[in-house]
1. Placing +1 at every Lys and Arg Cβ and -1 at every Asp and Glu Cβ, with all other atoms neutral, what dipole size does the chain have around its Cα centre, in debye to the nearest 20?
2. Could you work out how much longer the chain between residue 70 and residue 85 gets when fully extended? Use 0.36 nm per residue separation minus the Cα distance between them, nm to one decimal.
3. Using only the Cα atoms of the chain, what semi-axes does the equivalent ellipsoid have when each is the square root of 5 times a gyration tensor eigenvalue? Give whole Å, largest first.
4. So for the pair residue 11, residue 47, with labels modelled 7 Å out along Cα→Cβ, what separation do we get in nm?
5. Please list 36-43, 47-54 highest first by mean number of surrounding beta-carbon atoms within 10 Å per residue.
6. So between residue 25 and residue 2, what do we pick up on full extension, going 0.36 nm a residue minus the alpha carbon distance?
7. Cα centroid distance between segment 10-36 and segment 39-91, in Å?
8. Evaluate the Kirkwood expression for the hydrodynamic radius of segment 30-75, namely the inverse of the mean inverse distance over all pairs of different C-alpha atoms, and round to one decimal in Å.
Amino acid sequence: MKKKMLTLSILLMVGGVFGNILFDRLGYFPNADFQILSIPIAAGAHYFNLGLVLLAMTIVGLVLLPWFLEKKQFSKTVLSLVLIIWLPYAV
């Protein structure tokens, strides 16, 4: 059960990050003004629903991760947070 939840949390984070990169490249987030964890969620007077879904996926995965890691919980969680923020800018 613990391995399944760890896999689920990693898949949620990876899906959120790569979904962000993919949809950003496809132009789903035009003129984004507001971002959380490098995920655009608003522009002007409207919100990006897809951005909010990706943000929710990423945050749920990030919150679940430390509970299901067995060793080095803090360092792996911080590393994944840094990758979540840095990877969309690097690609």
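Read the figures in this text as sums done on the coordinates, not as results from a lab. Small disclaimer: the values here were computed from a predicted structure and weren't measured. No Cβ is skipped: glycine too gets one built from the backbone with ideal geometry, and neighbour counts run over all protein chains shown.
1. 520 debye
2. Working: separation 15, 0.36 × 15 = 5.40 nm, distance 2.38 nm.
This chain segment gains 3.0 nm when fully extended.
3. On the way: eigenvalues 136, 31, 22 Å².
Rounded to whole Å, the semi-axes are 26, 12, 11.
4. Distance between the two pseudo-spin positions: 2.6 nm.
5. Numbers: 36-43: 19.1, 47-54: 17.2.
Listed from highest to lowest mean packing, they are 36-43, 47-54.
6. 4.8 nm
7. What the calculation gives is 10 Å, centre to centre.
8. The answer is 11.9 Å.
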